[in-house]
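Participant: This is the structure, below, for whatever I ask next.
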Amino acid sequence: MIMQSLKTFISRQLSLAALLALVSWYFFSKLGPQQQTLAWPYLLVFFVAVNTLLFWLNQRAQQKRMSAYANYFMLASMLKLLLYLAVIVVYLIYFREETIPFLISFFVYYLAFTVLEVTSVARKKQKNNQNQAL
């Protein structure tokens with residue numbers, strides 16, 4: 001059950017990443033070099049990797065007691081946000097000239113992948129609740 005939902009989630013993530021890559025490529029090709037960040041393809045890979053790991057861990061945690069799941073969810077959310085903040089700070093220390101395009105790209109990707117993650121987790125949780133009711 002976990003593997004099937006993980007495969008579905010990865011498929012959706014890769015579709016989203018492909019769509020974001022096309023949109024990013026289009027917009028960055030229309031902008032001058034000052035309004036571009038060279039990090040956007042790496043950001044997409046980063047978000048896919050982090051969200052895949054967290055979704056897999058989330059699926060495993062959902063099989064435990066509700067209190068354990070709640071603890072996992074809060075800890076994972078905090079660590080994810082700290083990781084994202086660390087990536088932003090480190091990147092901007094070394095590439096100050098890309099500050100605005102990097103932050104815009106990061107924010108758009110963050111929103112898109114967060115929406116995907118939340119809807120996927122909610123769907124999975126709803127299916128589990130329906131199966132338990134039967």
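Participant: All but one of (1) within 24 Å of L85 (Cβ to Cβ); (2) surrounded by fewer than 16 Cβ atoms within 10 Å (Cβ to Cβ) hold for K30, so report the exception by its number.
Facilitator: Only one criterion in (1) within 24 Å of L85 (Cβ to Cβ); (2) surrounded by fewer than 16 Cβ atoms within 10 Å (Cβ to Cβ) is unmet by K30, namely (1).
Participant: Among all residue pairs at least 6 apart or on different chains, which show Cβ distances below 8 Å where the first residue, located in region 98-112, is more than 13 Å from F27 (Cβ to Cβ) and the second is among the small types (G, A, S) and at pLDDT below 95?
Facilitator: Every condition considered, the pairs that remain are E98/A39; F102/A39.
Participant: Restricting attention to region 28-58, which residues are over 12 Å from the mean Cα position of the chain (by Cα), of a type in the set (F, W, Y) and closer than 23 Å to Y94 by Cβ?
Facilitator: F28, W40, Y42
Participant: Sticking with this structure for a sec: Condition test on K64, is it more than 19 Å from the chain's Cα centre (by Cα) and basic (K, R)? Reasoning before the result, please.
Facilitator: On the way: more than 19 Å from the chain's Cα centre (by Cα): yes; basic (K, R): yes.
It is true that K64 is more than 19 Å from the chain's Cα centre (by Cα) and basic (K, R).
Participant: Would you confirm whether any residue within region 99-120 is more than 28 Å from Q4 (Cβ to Cβ), over 19 Å from the mean Cα position of the chain (by Cα) and surrounded by fewer than 16 Cβ atoms within 10 Å (Cβ to Cβ)?
Facilitator: For region 99-120, residues more than 28 Å from Q4 (Cβ to Cβ), over 19 Å from the mean Cα position of the chain (by Cα) and surrounded by fewer than 16 Cβ atoms within 10 Å (Cβ to Cβ): present.
Participant: With buried (at least 18 other Cβ atoms within 10 Å of the Cβ) and not polar (S, T, N, Q) as the only criterion, which of L53, L16, L38, L57 stands out? Walk me through it before giving the result.
Facilitator: Details: L53 fails: buried (at least 18 other Cβ atoms within 10 Å of the Cβ); L38 fails: buried (at least 18 other Cβ atoms within 10 Å of the Cβ); L57 fails: buried (at least 18 other Cβ atoms within 10 Å of the Cβ).
Answer to the selection: L16.
The values are calculated or read from the model by the stated rules, or taken from the named source; none is laboratory data. Note that the structure is a prediction, hence the values are computed from the model and not measured. Positions of Cβ are generated from backbone atoms using ideal geometry, with glycine treated the same way; all protein chains shown enter the neighbour counts.
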